[in-house]
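Structure, as structure tokens:
The values are calculated or read from the model by the stated rules, or taken from the named source; none is laboratory data. Computed from a predicted model, the values in this text were never measured in an experiment. Cβ coordinates were reconstructed from backbone atoms using ideal geometry, including for glycine residues, and neighbour counts include every protein chain displayed. The area values use the complete protein model at the heavy-atom level, side chains included, leaving out ligands, DNA and RNA. Shrake-Rupley method; radii C 1.70, N 1.55, O 1.52, S 1.80 Å.
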Amino acid sequence: MSTSSAISVQGLTKDFRVGLRGIKLRAVDNLSLEIPRGQVFGLLGPNGCGKSTTLKIVLGLIPATSGAISILGFPSATTEARQRTGFLPEAPYFHKFLTGRELVQYCARLSGVPSAQVHDAVEASLELAAMTEAASRPIGTYSKGMLQRIGLAQAIVHDPELVILDEPTAGVDPVGSAAIGRMINAMRAKGKTIVLCSHLLGQVEQVCDRVAIMDRGRLVLEGRVDEVLAQRDRHVITVAYLTPQARQAAEAALAAHGATVTSITHPRRSLEDLFRELVTGSRDA
Amino acid sequence: MNARLNRTSWIARITFLEAIRQRFFAFLLVLSAAMVVSSVSLRFMDFGHSELKFVADFAFGGMFLFGSVLALVMTAQLFFAEIENRTALTLLAKPLSRTEFLLGKFLGTWAVLGVFVFSLAFLQGIILWSRTQELIVMAAETGRVAPDFSVSGLASFAVLQWLRLGVVAAMVLMVSAVARTFLFTVIVGAMAIVAGQLQWLAQEALLKPSDASVVTKSLLWVSSRVIPNLQQFNIGDTLVLDPTAISGAAVWSVILSGLFYLVAFLALASLAFRRREI
Ligand SMILES: Nc1ncnc2c1ncn2[C@@H]1O[C@H](COP(=O)(O)OP(=O)(O)OP(=O)(O)O)[C@@H](O)[C@H]1O
Ligand SMILES: [Mg+2]
């Protein structure tokens, strides 16, 4: 196991026994993964492909059937490893009789934040998750997006080196999602490692340095985002004022060198860019 | 070690807070208090010792019954439901061992049960005292012997009941650690309480010479060892009204056996919980 990795997973397999007869269901199949430190790592895949299961095994919440895992050089499921890790579970659910602030305080205490620092740490993480305003309300009254955000606050209150977020943007509005994206960038700037599970591919593409794609429990692709998305044998040339004559001439000139033009289209902005351009200057931008 | 204690005590604190903020606790407490208070209305022609005994027994019965329900439901609620509704998921991802979590849950629940038992015992003390004052006056008028009750006996009784509820909570915790559904936890927990109440029958049967088969005998022997005797804690009326009839050593042996079962159940629960999928 490499100590330079934030998370090192080797040959991880997980079988669930389901039903009365205990039929085996392979949720994760011989998965090996190295997640480097200081980067944002996206774990993608369709529903039920084993992402959440993998994360839960990494955190020691469920035992693996076989395989070895280490977190920041410590064997997973040890308190040393979890001391340095923050986790936001998918569709989180918290004690609804506590207020948001009480929950984050409680988590700070459990994570060993020294008493003198609890107050500041709690307020800082509430601020970061944009939950200061609703922090004195009972969690039972929170909306889905607020639950996600208070979940984020409790995950980072002890300033962990590694933050694992399982679908942090599920149920969060576009402005909230963008805020979470910025939070992730801010954490990376502080040298943290972030593991992100998300179905928002656009956002993953923007914030992640590396991605892994899983399908039916297996790893099908892993690499740097710009590398896996770049088509090395294709090029895009953006031209202004392309007349039909100019186009013919250009095609002929390229053909003389053995190159073919495969498509000519208008470049498109992403909806996200257009949206941002139109709404910049809004309170949250 | 210090950090461990700290984390355990935080789990216990929040568990306590959760229980206290629930309506169910307040409801049972008020119900039991009403039962203790209503025991005053039970008046007899023979206003002496037997009346006090009846008043005491009635209140003890309420404490015993509602205490058992509270210990069963609260433990299932505060521990099992926490796993089922996945609030435990967030907590167990913290630097916290499973044993610390389980122990914290137990201590928080036990503290709630302590609030229940001691506030009721306090209330009962007041009722017994005021009734005794009345009876003393009446006894002086009729020339009878005035009845009395022992305050320290009542205190020891409260401690014993608290311990008994602790054993019940530890038992339910053990069931929760392996259970898959809330209903299973509550039903098996209730069966364990009933078995504990009836355990002395197995002990008695063993003592009597009989021609029962070896299988029956070994079953009886096993159940008399594995199941705690919950009936042995119910010595309230003797402790309160006739404290000389019971020796300190007998009370201590009940306390030690209770502590033994409590620790054993917690250890088993922690063992079972360690590999549980959350
Ligand atoms: N406790 C469990 N018992 C039995 N099967 C389970 C259990 N948890 C997960 N599974 C199964 O394991 C597979 C992987 O589930 P997992 O939750 O890891 O998927 P996921 O990739 O996180 O999906 P999603 O995108 O929907 O969150 C699924 O087929 C699921 O049914
Ligand atoms: Mg998932």
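Quick notes on this one:
- Rounded to the nearest 20, the size of the Cβ-charge dipole of chain B about its Cα centre is 1300 debye, with Lys and Arg at +1 and Asp and Glu at -1.
- Computed Rg/Rh of the protein assembly as shown, alpha carbon atoms with Kirkwood Rh: 1.15
- Nearest-ten-degree value, helix B:214-226 long axis tilted from longest Cα axis of chain B: 90
- Among beta bridges from DSSP that stay inside the protein assembly as shown, the antiparallel ones total about 60%.
- Accessible surface of region B:2-274, 1.4 Å probe, proportion on carbon and sulfur as whole %: 73
- Cross-link partners for A:Lys14 among the aspartates and glutamates, with Cα-Cα distance under 15 Å and sequence neighbours closer than 8 places in the same chain left out: A:Asp29, A:Asp215, B:Glu277.
- Using Cβ point charges alone (K and R +1, D and E -1), the dipole size of chain A about the Cα centre works out to roughly 660 debye.
- Only helices enter the 222 nm calculation for chain A: every DSSP H run of n ≥ 4 contributes -39,500 (n - 2.57), and dividing by all residues gives -10500 deg cm²/dmol, rounded to 500.
- For A:Gly86, nonlocal amide neighbours, meaning residues 5 or more places apart or on other chains whose placed amide H falls under 5 Å from its own, are A:Leu162, A:Val163, A:Ile164.
- log10 of Debye I(q)/I(0), alpha-carbon scatterers only, for region A:1-126 at 0.12, 0.14, 0.20, 0.23 Å⁻¹: -0.58, -0.76, -1.19, -1.33
- Note that region A:135-185, at 20 °C in a medium of 1.002 mPa s, gets a Stokes-Einstein diffusion coefficient of 184 µm²/s from its Kirkwood radius over C-alpha pairs.
- For A:Lys96, the aspartates and glutamates whose Cα falls under 16 Å of its own Cα, not counting residues fewer than eight places away in the same chain, are B:Glu18, B:Glu82, B:Glu84.
- Partner aspartates and glutamates for A:Lys144 [C-alpha distance under 12 Å; skip if fewer than 8 residues away on the same chain]: A:Glu90, A:Asp173
- Relative protection proxy for B:262-273, A:97-108, B:201-212, from highest mean packing down: A:97-108, B:262-273, B:201-212 (other beta-carbon atoms within 10 angstrom).
- Per residue accessible area of region B:2-274, 1.4 Å probe, in Å²: 46
- Fraction of antiparallel bridges per DSSP, region A:5-231 only, in percent to nearest 5: 60
- For region A:132-251, size of Cβ-based charge dipole, Lys and Arg +1, Asp and Glu -1, in debye: 100
- With kT/(6 pi eta Rh) evaluated at 25 °C and eta = 0.890 mPa s, and Rh the Kirkwood radius from Cα pairs, region B:2-274 diffuses with a coefficient of 122 µm²/s according to Stokes-Einstein.
- Global geometry of region B:84-170, whether rounded, prolate or oblate, following the gyration tensor of its Cα atoms and the 1.5 cut on a/c: prolate
- Partner shielding of B:8-20 amounts to 3, given as the average count of beta-carbon atoms from other chains within 10 Å of each residue beta-carbon.
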